[in-house]
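S.K.: Sharing a structure, written as structure tokens. Questions coming.
The values are calculated or read from the model by the stated rules, or taken from the named source; none is laboratory data. Worth saying up front: this structure is predicted, and the values here are computed from it rather than measured. Neighbour counts run over all protein chains shown; Cβ positions are idealised from the backbone, glycine included.
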Amino acid sequence: MVQLFESGAYLIDGKELIADNADAAVQVAAKTGRTISKEEAAKQTMAYKILQAHNTSGDDEHLKVKFDRLTSHDITFVGIIQTARASGLEKFPVPYVLTNCHNSLCAVGGTINEDDHMFGLSCAQKYGGVYVPPHLAVIHQYAREMLAGCGKMILGSDSHTRYGALGTMACGEGGPELVKQLLGRTYDIDMPQVVAIYLTGKPVKGVGPQDIALAIIKAVFANGYVKNKVMEFVGPGVDNLSVDYRIGVDVMTTETTCLSSIWKTDEKVQDFYEIHRRPEEYRELNPGAVAYYDGVVCVDLSAVRPMIAMPFHPSNAYTIDELNANLDDILADVEKRAAVSLGNKVPFTLRNKVRDGKMYVDQGVIAGCAGGGFENLCDVADMLDGQSIGDGRFSLSVYPASQPVYMELIRNGSIAKIMETGATVRTAFCGPCFGAGDVPANNAFSIRHSTRNFPNREGSKVNNGQIASVALMDARSIAATALNKGRLTAATDIDVNFTKPKYYFDSHIYEKRVYNGVGKADPSVEIQFGPNIKDWPSMVPLTDNILLKVVSEIHDPVTTTDELIPSGETSSFRSNPLGLAEFTLSRKDPEYVGRAKKVRAAEEAREDGKCPCQADDEVAAAFNEIHKLFPDVKASETEIGSVIYAVKPGDGSAREQAASCQRVLGGLANIAKEYATKRYRSNLINWGMIPFIFEPEKLPFANLDYIFVPDIRDAVKEKQPKVTAYAVKDNALESFELEIKPLTDDERQIILDGCLINYYKSH
């Protein structure tokens, strides 16, 4: 089904793979009649060509990328624009699209969502952007319909910014990276490795794009095979997939932890752009005659069967047939994972979902950028036509990804077919994907064609004794399960005639409702502020030495951004940095906020010119020990902050709040064995936090310990790869080394200045 090459490989004419071994050069020469070096062939990937076309550095290894277009949703754009405004924003230099698909229906506590939306509209008018009102489109569907272009690059403040199937290299990053683009700066990365996703065969009837995606994620996530690399989809199997199908696979590449994705393009992609009235955005993309890839993932599409990703990660995937045949063993494994993720705070089991040897689910949801596409919902309608989902516990809801998609589904009768079954149809809204819509009942089990199934992401609250769980499935198998009133069923078990109606894009709704101010910035427009929209608090430059208190210690194999800052109802405070920060780690470590605030109080005393030792007895005791070895260190000149330890933090969402909430609570650093994604590490840096690495299993410190790091400013400034730190123990300082992985010159200066806002004020 999915095979990984142990080495790199050459791709000849986009069709034939030659593994990189001792005979590779001879085989390539025999096939092509010429000798080509690995270095030269690596420049023949689509990814290399697109990246270099956007690189402004003049150095093909150290890139400074400028993107063609930017996009954000309403969880992130207020903070981004506020940061840019504080840094000197005058106008949007490239098209910047502000969508409102994340909190459209979630006016819960602390803010009126329309305040944020009107802030976005007024900023689009003032700075020359695009504003997409609530319920018209989820962020990525609008980008597909109106922004993507072959050979273009798009940067978005949502992790699932992926438009590779349309020939567009897109990256999901934290807000500060968009701020850099808004201020005319660049996205600085080393040239990433490129991995070929080599597709062969054709999916069998009933297998959908989510099945293909989950099979790939299962194969590459745990081993990091594509981490921070570009996935390049090639091979004869691409021709056997519709564009909607390719999009459904592509959007899930984020869950592999890759940097971006790109697909070869063909007449089907050309037809997509023509349907969407943007034919000028099409051009054919293919790798060169001989292209070299740093790895290869071979996927036999015909061998993939309907999949299910069990809680609590998209990579925890099985075929549905495998799950049904091994229920006891697999459910036992899920319970073990739950014990780690939930910390045994609540009892968890799915064994009570098994009746007469069959697995039953409570809820089905098909939504958002992954599930809400036209082809998915047409196939669902065909499967459900004339049937009933029943009047029992099981429910089904669908969310078309945009109003144009919704309108066409109405016109071709698909919506009627779905609704006649008892299923409900909603507007374009990302709610189920982040815990703000269709939150399951306590102990319920939801199957979803959405992007993630992390712990609590569906909206349950462990600290209140509530837990539910989500499994990811393709829309077709969700429909098959609905036909059986919630009994888990693979779509391949259902005999159905898929009608495959043609899609007709109606742009009138956008033309009538979307504000397009690109190239029409109006400085006279007054930005509309709601009472919950607050400025970022001030942050100080890094001092020569720092004192850190460990305020949370997490030993889960992976810590997601949803655990660092929960989504859902907490996002009502998204435009209020301090208000949102109150929820930091609230579902993982409820004591974190209080501990961090106590540390911040000592630092605030220092910044006010008071002695931090008088503000906090623990700080005083720590400095007493420090002075035994470092008598000249002054508490008044030593920044005091908090730090968390996590094994592998940062998987999941790109939203920078996972870092900024730590920072506004006084966080100065993270210590990790490794960082799950580039985007989370970048978020830490942009908010002035040091991303330390400590790889040994045995920690020299424990939760609530203090760590003294002398000469840290010089270490950052002088590009030292390691620093000596000291765990402050009773009557002793225990030394150990913290690693600082390579930083760009700008990243170093941002840390030295205290955050990106300070950096732009002084540079």
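S.K.: Do any strands (runs of 3 or more DSSP E) lying entirely in the stretch 124-172 carry at least 2 residues that are modelled with pLDDT of 95 or more, of a type outside the set (Ser, Thr, Tyr) and within 21 Å of the chain's Cα centre (by Cα), and which ones are they? Can you show your working first?
M.R.: On the way: elements: 130-132, 153-156, 169-172.
Ranges flagged: 153-156, 169-172.
S.K.: Next up: Among (1) surrounded by fewer than 21 Cβ atoms within 10 Å (Cβ to Cβ); (2) modelled with pLDDT under 90; (3) in contact with a Cys (Cβ under 9 Å, 6 or more places away or on another chain), which single condition is Ala605 missing?
M.R.: (2)
S.K.: Moving on. Can you confirm whether Asp617 is outside the structural domain of Gln466 (by TED's automatic domain parsing), buried (at least 19 other Cβ atoms within 10 Å of the Cβ) and free of Cβ contacts under 8 Å to residues at least 40 places away in the same chain? First the steps, then the outcome.
M.R.: Working: outside the structural domain of Gln466 (by TED's automatic domain parsing): yes; buried (at least 19 other Cβ atoms within 10 Å of the Cβ): no; free of Cβ contacts under 8 Å to residues at least 40 places away in the same chain: yes.
For Asp617, the condition - outside the structural domain of Gln466 (by TED's automatic domain parsing), buried (at least 19 other Cβ atoms within 10 Å of the Cβ) and free of Cβ contacts under 8 Å to residues at least 40 places away in the same chain - is not met.
S.K.: Exactly one condition in (1) outside any strand (DSSP E or B); (2) in contact with a Phe, Trp or Tyr (Cβ under 9 Å, 6 or more places away or on another chain); (3) at pLDDT 95 or above is not met by Ala338; state its number.
M.R.: Failed condition: (3).
S.K.: Could you identify the single residue in Pro287, Pro306 that is under 22 Å from Pro236 (Cα atoms), crowded, with 24+ Cβ neighbours inside 10 Å, in contact with an Asp or Glu (Cβ under 6 Å, 6 or more places away or on another chain) and not hydrophobic (A, V, I, L, M, F, W, C)?
M.R.: Details: Pro287 fails: in contact with an Asp or Glu (Cβ under 6 Å, 6 or more places away or on another chain).
The conditions single out Pro306.
S.K.: Looking at Lys534, Lys502, Lys549, Lys512, which one is basic (Lys, Arg), at pLDDT 95 or above and surrounded by 14 or more Cβ atoms within 10 Å (Cβ to Cβ)? Reasoning before the result, please.
M.R.: Details: Lys534 fails: at pLDDT 95 or above; Lys502 fails: surrounded by 14 or more Cβ atoms within 10 Å (Cβ to Cβ); Lys512 fails: surrounded by 14 or more Cβ atoms within 10 Å (Cβ to Cβ).
Just a single option satisfies the conditions, and that option is Lys549.
S.K.: Turning to a different aspect of this structure: Within the stretch 686-702, can you find the residues that are modelled with pLDDT of 95 or more and not in a loop (DSSP other than H, G, I, E, B)?
M.R.: Ile690, Pro691, Phe692, Ile693, listed by residue number.
S.K.: Restricting attention to the stretch 526-551, which residues are under 21 Å from Asn670 (Cα atoms), in contact with a Leu (Cβ under 8 Å, 6 or more places away or on another chain) and assigned to a loop (DSSP other than H, G, I, E, B)?
M.R.: Here is the first cut: in the stretch 526-551, the residues under 21 Å from Asn670 (Cα atoms) are 536-551.
Still in the running and in contact with a Leu (Cβ under 8 Å, 6 or more places away or on another chain): 537, 541-542, 546, 548-551.
Answer for the stretch 526-551, where residues must be under 21 Å from Asn670 (Cα atoms), in contact with a Leu (Cβ under 8 Å, 6 or more places away or on another chain) and assigned to a loop (DSSP other than H, G, I, E, B): Pro537, Pro541, Leu542.
S.K.: Please work out which residue is surrounded by the fewest Cβ atoms within 10 Å (Cβ to Cβ), limiting yourself to the stretch 52-89 and to residues that are in a helix (DSSP H, G or I) and among the aliphatic types (A, V, I, L, M). Please lay out each step first, then the result.
M.R.: First pass over the stretch 52-89, keeping only residues in a helix (DSSP H, G or I): 52-53, 77-86.
From what's left, among the aliphatic types (A, V, I, L, M): 53, 78, 80-81, 84, 86.
Working: Ala53: 12, Val78: 28, Ile80: 24, Ile81: 28, Ala84: 26, Ala86: 17.
For the stretch 52-89, the residue satisfying everything is Ala53.
S.K.: For the stretch 130-137, check the following and say yes or no: at least one residue is in contact with a Phe, Trp or Tyr (Cβ under 9 Å, 6 or more places away or on another chain) and under 25 Å from Thr560 (Cα atoms). Outline the logic, then answer.
M.R.: Filtering the stretch 130-137 down to residues in contact with a Phe, Trp or Tyr (Cβ under 9 Å, 6 or more places away or on another chain) leaves 130-137.
Keeping just the survivors that are under 25 Å from Thr560 (Cα atoms) gives none.
No, the stretch 130-137 contains no residue that is in contact with a Phe, Trp or Tyr (Cβ under 9 Å, 6 or more places away or on another chain) and under 25 Å from Thr560 (Cα atoms).
S.K.: Still on this structure, I have one more. Can you find, within the stretch 670-699, the residue that is farthest from Glu607 (Cα to Cα) among those that are in contact with a helix residue (DSSP H, G or I) (Cβ under 8 Å, 6 or more places away or on another chain) and of a type in the set (Gly, Ala, Ser)?
M.R.: Ser682
S.K.: Say whether the condition of being farther than 22 Å from Pro721 by Cβ and not in a helix (DSSP H, G or I) is met by at least one residue in the stretch 671-685. Steps first, please.
M.R.: Going residue by residue through the stretch 671-685, those that are farther than 22 Å from Pro721 by Cβ are 679.
When the remaining residues are screened for being not in a helix (DSSP H, G or I), the result is none.
No: zero hits.
S.K.: Still on this structure: Which residues, counting only those in the stretch 611-639, are within 14 Å of Leu704 (Cα to Cα) and assigned to a strand (DSSP E or B)?
M.R.: Answer for the stretch 611-639, where residues must be within 14 Å of Leu704 (Cα to Cα) and assigned to a strand (DSSP E or B): there is none.
S.K.: One residue is enough: does the stretch 742-752 have a residue meeting the conditions in contact with a Leu (Cβ under 8 Å, 6 or more places away or on another chain) and crowded, with 23+ Cβ neighbours inside 10 Å?
M.R.: Taking the stretch 742-752 first, the residues in contact with a Leu (Cβ under 8 Å, 6 or more places away or on another chain) are 750-752.
If we keep only those that are crowded, with 23+ Cβ neighbours inside 10 Å as well, we get 750-751.
Yes, the stretch 742-752 contains at least one residue that is in contact with a Leu (Cβ under 8 Å, 6 or more places away or on another chain) and crowded, with 23+ Cβ neighbours inside 10 Å.
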